[in-house]
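A short worksheet on the structure shown next.
A short reminder: the numbers here are calculations on the coordinates, not readings from a lab. Being a predicted model, the structure only gives us computed values, none of them experimental. With ideal geometry, Cβ positions are generated from the backbone for all residues, glycine too; neighbour counts draw on all protein chains shown.
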Amino acid sequence: MVRSFAALALCGSLAACGGGGSGKSSAAAGTPAAPASPTAAPPTPAASPEASAAPTLPVGSDGRASVFFHGKRGGAKRVALTFDADMTSDQGPRAARGERFDNPELITTLRRLKVPATVFMTGRWAEQYPDQARSIGGDALFEVANHSYSHHAFSTPCYGLPVVPRGGARADVERASAAFRTAGVRHAVPYFRFPGGCYDEAALRAVAPAKVTAVQWDVVSGDAFAKKAGPVADQVLAQVKPGSVVVMHCTRSAAPTTEEAVRRIVPELRARGYEFVRVSDLIAGT
């Protein structure tokens, strides 16, 4: 696969692809920083957090959205697997030609293994795969969080991504949320992951009116464009600590080994005494 714009777009969401983007803040967790559907049985509604009930971090006195990197290091051994469902505004024709930006096998595996997870979804992905978005967003195991509408950058430089127009940050976040509602996503939570992980003080102020908590990560899986699952699993297993947030992908064309890696990661971390939770569970515990 050619590492063109689409490669840069996905690469940008992983620190292993050249750094953590413009979000270089060392702020601690909770502190503001300077088209087939999955084959699993239909989900049973349960007490998964709704947007109105999910815990958030307060906006700083300077008007910046707070940034969450990981949960508490002490106490219970909990880890949140997060999956970016990326799709950019120019990838519709490629999807029409058969390229798969979804990964229903991954979702089926998470269900089979009973692994809660947070899926950071672009609005464009929800529009391309509305049945899957509705299925994920109606399953008590999962919560859907906002990853922008079309994976454009909120600050620059950011891996060559197109840039959200000045003054358009809040509208972009809200456009993605509207796409979730149209698709029928029920368990949408007020968390936002910057495309490419790139942000600065201006970006944090720009998204604050959307009433979202920015969510980054402390464990990079390296699943983007990985050709083998073993190194991905090794990288995650070597980095996880209590409270970790792991960034992975739900985009088969650009992260084809993720499902296989998860099949190894989950039992090994459980053998170490880890419990899998959603990002909302970690934030609730801060």
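General remarks:
- For V163, residues with placed amide H under 5 Å, excluding near neighbours: A153
- A protection proxy built from the mean count of other Cβ atoms within 10 Å ranks the segments 133-141, 201-209, 265-273, most packed first, as 133-141, 201-209, 265-273.
- Amide H within-cut-off set for D86, under 5 Å, with H built and near neighbours excluded: C250
- Per-residue HN-Hα couplings for the stretch 68-75 [Karplus 6.51, -1.76, 1.60; θ = phi - 60°; Hz; x = Gly/Pro]: 10, 9, 6, x, 5, 7, x, x
- Inter-site label distance for R270 and R112 at 7 Å from Cα along Cβ, in nm: 1.3
- Using 0.36 nm per residue and subtracting the Cα-Cα separation, the extra length available between R175 and D234 on full extension is 17.6 nm.
- Going from the fewest other Cβ atoms within 10 Å to the most, the residues R170, R278 appear in the order R170, R278.
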